């Protein structure tokens, strides 16, 4: 599945080594040198390779490294011995297509294929499988020490799709760098996705400057600055501020010393690809972009059930934070922006340009924001402190 997805060359111990691999490092090295040509072919050099079932011992791993064959990732698929024995006993191979089937879990529906099935050459009896497992357990710790800096163990006692997803995520990961960097974060998502909450949490923990495009406009208008006076007519009419004015305002704020030295987290902008391009052309390119994904039903539930206490200014929610008394409930009002039709319009406005922004922000990462805010923050935090996943080019 990995080779099919990444379009890399598949190399097993059988097709890499012409003869049985000797347990000694010297003979293993000799075989590897004789068969090195396979790993130097165009498909391996250009697209990479996946090596299956080899090396089996620490000596063989060291011999691989000695002849210049080094892996970037080392994946160990682990499962209880009883599960592995059961799988091996039912394993069958189609000699014509080399496809692998199982008498219980994945039996072919085609009678012709069924008639061709044979047992694997290594045997499938409980005794032979047990012997191979004993050999694996004897040498596995030595192998792990050779590849411990870039290895990952994956539970193989689960559906194939889940195993593949975990392995692919690991293959896309990059080693963590110790070099310091200044976070420049953009949070994107529909209204009600929790951008404000996550921005506040990030700013609090990592001492980032919390920049809200809407708040900047309000401050500019309130301060009666030259830029604020130009924006005031649009704000009074409930219209969006023109892109050129908005980009100029953000350029001025993000260029200040606190943003350049501490980093920033921006929300509310950009809304379109053109805005993203204009912001990037000003030199304010984010090094992390997060899409907070929330179903529309959850957005309606979050926003349309909110109310505001006109006396205290406290916000309530009929499900998550209901008013404590009947008196508070009676004086609570719904803000116009939380009306269902208004929410629907804002959702439509976001999704009209969401795809083109995603195309521009190629390294953007998606976060499931339909869960507890602190759980969402943990997901964002892990993506922030770790390198962005590698973009796999599957078009070659």
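Numbers below:
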quantity: Yes/no for residue 263 being farther than 27 Å from residue 296 by Cα and in contact with a strand residue (DSSP E or B) (Cβ under 8 Å, 6 or more places away or on another chain); calculated: yes
quantity: Residue count, the range 274-321 (criterion: exposed (fewer than 14 other Cβ atoms within 10 Å of the Cβ) and in contact with a strand residue (DSSP E or B) (Cβ under 9 Å, 6 or more places away or on another chain)); calculated: 4
quantity: Residue 272 being more than 22 Å from residue 359 (Cβ to Cβ) and within 29 Å of the chain's Cα centre (by Cα); calculated: no
quantity: Unmet criterion (only one of (1) touching a residue at least 24 places away in the same chain (Cβ under 8 Å); (2) surrounded by fewer than 19 Cβ atoms within 10 Å (Cβ to Cβ); (3) more than 27 Å from the chain's Cα centre (by Cα)) for residue 247; calculated: (2)
quantity: Selection count, the range 255-273, where residues are surrounded by fewer than 20 Cβ atoms within 10 Å (Cβ to Cβ) and assigned to a strand (DSSP E or B); calculated: 0
quantity: Residue among 152, 135, 172 that alone is at negative phi, out of contact with any helix residue (DSSP H, G or I) (no Cβ under 9 Å at 6 or more places or on another chain) and surrounded by 14 or more Cβ atoms within 10 Å (Cβ to Cβ); calculated: 172
quantity: Residue identified as in contact with a strand residue (DSSP E or B) (Cβ under 8 Å, 6 or more places away or on another chain) and closer than 30 Å to residue 173 by Cα among 71, 66; calculated: 71
quantity: 2 or more residues within 19 Å of residue 123 (Cβ to Cβ): qualifying strands (runs of 3 or more DSSP E) within the range 67-107; calculated: 91-93, 100-102
quantity: Filtered residue count, the range 72-95, keeping only those that are buried (at least 18 other Cβ atoms within 10 Å of the Cβ) and under 28 Å from the mean Cα position of the chain (by Cα); calculated: 2
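Laboratory data are not the source of any read-out in this text; all were calculated from the coordinates shown. Bear in mind that the values here come from a model prediction, so they are computed numbers and not experimental data. All Cβ positions, even for glycine, are placed from backbone atoms using ideal geometry, and neighbour counts span all protein chains on display.
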